[in-house]
Amino acid sequence: MAEIQLKSLAHSYSKHPSGPEDYAIRQISHTWHKGGAYALLGPSGCGKSTMLNIISGLLAPSEGEVLFDDVRVNELSPKERNIAQVFQFPVIYDSMTVFQNLAFPLRNAGMAKDRIETKVNEVAEILELETVLHRKARNLTADEKQKVSMGRGLVRDDVSAILFDEPLTVIDPQLKWKLRRKLKQIHEQFNITMVYVTHDQLEASTFADKIAVMYDGQIVQFGTPRELFERPNHTFVGYFIGSPGMNLVAVERCEEGVRFDGMTVKLGAGLQSLLEQSTSSNLKLGIRPEFIQLTTTPSDDTFECDVTDIEDLGTYKIVSLMLGNQSIKARVDEDHAVAPGKIHAGFPRQWLKLYVDEFLIEEQAE
Ligand code: ADP
Ligand code: MG
């Protein structure tokens, strides 16, 4: 297994790119450390598959370098890079049996026959394919085919890394959950560097120790699920992670801090001086629905809102509020009584985030 380093990577599918919008990968410098379980999370079209294909060597990047354990591999073929890649749709040989399909990567690598037998049985057991091991692949269900495809990726433990490109898309939801746990288990057992691509935040956080959030051809944050939740580094992370996502309100500078719709939000001196260093007028305040405090009694640091909707979801409630002209959402405990009409919202300073040009600015801890 290897540490995979991407250095100033950029890729355009266009021969003559005329601007940043022509790039599927805009500018990425990033390291996937040896043995890590990672997710690459982002919406459709943000460049996830492009990145994986550049790592495995199916695609040559327009700019930048790919290094495995500090050695440049740009010129190496996919085979020489020794990466296992599992795609969204099954890549298997229909005319071969499941056993033969699983054994194929091992035979290619020149493994001894009895060792192949052991490995194939091991993987078949993990993926619960034992009963269909001697069936021709063409006779399998869609789920089973994809399991075989995954098995082909998992069967070798001498690979530099395993890349999964939305492998569970075609799998039935119940089985999906189970397979995700299996992958995690396999990772714990073999400690192979794994990068798991998905557009589903739940899938990302159940599989990965650390998640890279990708947006518009860039990695905008790399962190633990908790870090992405508590300290979104970019408005997109705030919006994309969480249910519902972070409230984001456009604001403008004022004497004491920032304001919107005639309301002023005071900022600490440190943050205020950071804000003065920028001239951008693209300023947003962000707070997650979970961190808004709703009370019936106003105080110096609460804002009056109108409750417009209360959605009871069993274990918690989503309260829709109008704050000035802004519609925001708060998430409160099930037993927190909320009635339609006026209410007061508090935004604890710790959880109130300020974004300039979509990126977080914050005071450095002393
Ligand atoms: P994701 O996997 O995150 O959905 P992709 O890496 O497939 O995103 O695509 C990133 C961008 O590159 C998209 O705008 C997509 O339309 C474009 N793209 C992907 N593959 C090709 C290709 N072979 N030729 C031209 N454009 C492509
Ligand atoms: Mg893709």
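Listing for the model above:
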quantity: Phi-based couplings in Hz for the stretch 124-131 (Karplus 6.51, -1.76, 1.60; Gly and Pro marked x); calculated: 4, 5, 4, 8, 6, 10, 4, 6
quantity: Span from the the stretch 259-317 Cα centroid across to the the stretch 38-54 one, whole angstrom; calculated: 33 Å
quantity: Volume of the Cα convex hull of the stretch 4-236, divided per residue and given in Å³; calculated: 126 Å³
quantity: Residues 187, 344, sorted so that the one with the fewest Cβ neighbours within 10 Å comes first; calculated: 344, 187
quantity: Long-range amide H partners of residue 59 with built H, under 5 Å; calculated: 54
quantity: Förster radius 41 Å - calculated FRET efficiency between residue 200 and residue 302, Cβ distance, rounded to 0.05; calculated: 0.70
quantity: Rounded, prolate or oblate (a/c below 1.5 giving rounded, otherwise prolate when a/b exceeds b/c) for the stretch 244-361 by Cα gyration tensor; calculated: prolate
quantity: Residue-count net charge about residue 139 - beta-carbon cut-off 11 Å; Lys, Arg +1, Asp, Glu -1; calculated: +2
quantity: Helix-derived mean residue ellipticity, 222 nm - over the chain, DSSP H n ≥ 4, -39500 (n - 2.57), to 500; calculated: -7500 deg cm²/dmol
quantity: Counted charge near residue 362, where neighbours are those whose Cβ lies closer than 9 Å (Asp, Glu -1; Lys, Arg +1); calculated: +1
quantity: Stretch gain in nm, segment residue 327-residue 351, where the contour uses 0.36 nm per residue and the Cα spacing is subtracted; calculated: 6.8 nm
quantity: Simple label model, 7 Å out from Cα along Cβ direction - residue 181 to residue 276, nm; calculated: 5.6 nm
quantity: Net charge of Cβ neighbours under 10 Å - reference residue 23; Lys, Arg +1; Asp, Glu -1; calculated: -3
quantity: Selection from 281, 249, 28, by position along the positive dipole direction of the chain (Cβ); calculated: 28
quantity: Partners for residue 342 among lysines (Cα-Cα distance below 16 Å; same-chain residues under 8 apart left out); calculated: 329
quantity: Within the chain, percent of DSSP bridges classed antiparallel, to nearest 5; calculated: 80 percent
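Computed from the coordinates by the stated procedures, all read-outs in this text should not be read as laboratory data. Nothing here was measured: the structure is a model prediction, and the numbers come from that model. So basically every Cβ, Gly included, is an ideal-geometry build from the backbone, and we count neighbours across all protein chains shown.
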